[in-house]
1. So for the chain, what are the equivalent ellipsoid semi-axes in whole Å, largest first, each being the square root of 5 times an eigenvalue of the Cα gyration tensor?
2. For a quick check: with amide H placed at 1.01 Å from N, whose amide H comes under 5 Å from residue 539's, ignoring anything fewer than 5 positions away on the same chain?
3. Determine the dipole magnitude for region 448-581: charges of +1 sit on the beta-carbon of Lys and Arg, -1 on that of Asp and Glu, nothing else is charged, the reference point is the Cα centre, and the result goes in debye to the nearest 20.
4. For a protection proxy built on the mean count of beta-carbon atoms within 10 angstrom, sort 92-99, 370-377, 222-229 highest first, please.
5. Mind giving me the FRET efficiency for residue 560 and residue 307? R0 is 45 Å, r the Cβ-Cβ distance, nearest 0.05 is fine.
6. Using a probe of 1.4 angstrom, how much of the accessible area of region 448-581 is carbon and sulfur, in percent?
7. With a 1.4 Å probe and every protein chain kept in, tell me what percent of the accessible surface of region 245-348 is carbon plus sulfur.
8. May I ask you to evaluate 6.51 cos²θ - 1.76 cosθ + 1.60, the Karplus curve with θ = phi - 60°, for each residue of region 163-177 and list the ³J(HN,Hα) values in order in whole Hz, giving x for glycine and proline?
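The values are calculated or read from the model by the stated rules, or taken from the named source; none is laboratory data. Nothing here was measured: the structure is a model prediction, and the numbers come from that model. Methodologically, a virtual Cβ is constructed for each residue, glycine included, from the backbone with ideal geometry; neighbour enumeration extends over all protein chains shown. Heads up: the accessible areas ignore ligands, DNA and RNA and are worked out on the full protein's heavy atoms, side chains in. Shrake-Rupley method; radii C 1.70, N 1.55, O 1.52, S 1.80 Å.
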Amino acid sequence: MPRRPRTRHDRLNPCLPSPPAKGLPIKLARFFPFLRWPRPTLSSLQRDAWAGITVGLVLIPQAIAYATLAGMPPQTGLYAALLPSVIGILWGSSPLLGVGPVALTSLLVFGSLSSLAAPTSAQWVALAIWLSLYAGAIQFLLGAFRLGQIASLVSQPVITGFVNAAALLIIASQVPALLGLPELAGGDVAAAIGHAKAQPAAMAITAAFGAAALVLLLVLKRIAPKFPGILFVTVLGIGASWAFDYAGHGGAIVGTIVAGVPPLLLPPAIPFDSHRELWPAALILALVSFTEAMSSCRTIARRRHERWDENQELMGQGMAKITSGLVGAFPVSGSFSRSALNLYAGAASAWSTLFAALCVLASLLFLTDVIQFLPRSVLAAMIVVPVFGLLDFSSLRRLLSVSKDDGAIALVTFAVTLLSVPRLHWGVFAGVGLTMVSFLYRRSHPRIIEVARHEDGTLRDRSRFDLPPLAPDVLAVRMDSALNFLTAAGLERFILDRTRANRGIRRVLFCAGSVNDIDASGVDTLEALRETLFGEGVELYLSAVKKQVWDVLDRAGVITDLGSDHVFATDREAMLAVAAAEAV
């Protein structure tokens, strides 16, 4: 079918993808999705520039804050916000997704490395680089082989339990920096009290700055949610730190930030045992971070009435993580808050991310001498306030009310995550394992009922509607599930228990309309059931068999063994045959 010529309206529409460049094969364009970006116009570039600068100015302090949360040097946050964000948007499928450092991924990095090295040390940085490379490789391979659905293994109950536990841990981890206390290693409260007594002035000024930043961020979020509060508090904090000589009074500041563009380097060597320690953590980080990014992608797609490709996005996220490792930083992901800000600021296309990256680049080149005065207590407040939004205990209550199984999975994930600190990925492993157990249990216990004719002419649950049997010598059974190795034994047991309890039954009608799949175990069970019933003087009938099930039964010879007079096209035809036989 010939392609419709592009009109002037099309050229001005920022949501309409451009065709691949001339002379470029379509298959090649699929591997370079940025070639499908819409051609920018002056109007769209103006919107993208405004949105990009807005997001970039917020991203700079956030990137530094999340670097400290991950236990990394502050400049690595800016490294992770620069080139990885560009790569992620070039090879991703969601044009307005804000790729870069995020709180949840940073906490996973800290938890994964806590038992292996000291934060900010050279060994810690090396491990974080390899963790980013491994998680990125996992995501890229999942996307390349179109296995994006694997991310669904981390179900909503698991995410709900993990995110609530992670939010509590993030808040707790920032309390020392917020109040000027030492890290409570081993829960040594006495050491913290001793530190406060030894340096009361430092603790007082740290707590004052931290509390002021926390209150100001909360107030701005309440009364002006669309105002860039993080940027405002950052500028105010730097100015107050310089004016009141915050560092001179004992307050901790960001300190020296290495200026300049990060070089692309090969990852440093680490022991093989360290590699093995990173593999399970990288798998969980890849799945959880992509689940977080998927939430933002879905929201953007709904708002812009666009489609997005989860496999392409997996490749983009994976390449962003790999790039982050190659520039000496830590794993990145899609940020919900910055994506929402990008949308609100009026971004028209992915070009907004390039403008945001230019802001980060400018900060690395020209603003490091200014940023170094930013108090760490203010950074802690900037971490804590957005994380408050992750706490949602009402969702746990809702899961319990909707499904006790899902509620239990969420609570177990929540508890194991808290108890397994610092190895937080065990909480996700526990949740995924329990999800699989619950899934298999529910699938192996399908709804199997005896049905009879309802007054509306359909076959309904005999017990629920208090219906008489289809005929005195007929047992009509329906199973709302696939007939496979998990469910076949249950169906056989249900039918044989009833036929042996009531020796007056001479015909069994299996209403197969709700069976949409069958495997070899299901076929063997039907054959064995037919033979067992025949030996007891009972005949087996089938009705409403779906095509995909019919094809399997036909190839196995079951249809031939039953005979055409024992297989009915519809339930109605089966009911008419039963009525005719009863009349005779």
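1. Working: eigenvalues 680, 179, 90 Å².
Ellipsoid half-lengths, sorted descending, are 58, 30, 21 Å.
2. Long-range HN contacts for residue 539: 507, 508.
3. Values: 16 positive and 22 negative charges, 63 e Å.
Taking the Cα centre of region 448-581 as origin, the dipole is about 300 debye.
4. Details: 92-99: 28.5, 370-377: 22.5, 222-229: 12.2.
Output ranking for 92-99, 370-377, 222-229: 92-99, 370-377, 222-229.
5. Values: r = 46 Å, r/R0 = 1.03.
E between residue 560 and residue 307, to the nearest 0.05, is 0.45.
6. Numbers: 3240 of 6600 Å².
Ligands and nucleic acids excluded, carbon and sulfur give 49 percent.
7. On the way: 2640 of 4350 Å².
Carbon and sulfur: 61 percent of the exposed surface of region 245-348.
8. 5, 5, 5, 4, 4, 4, 5, 5, 4, 4, 5, 9, 4, x, 5
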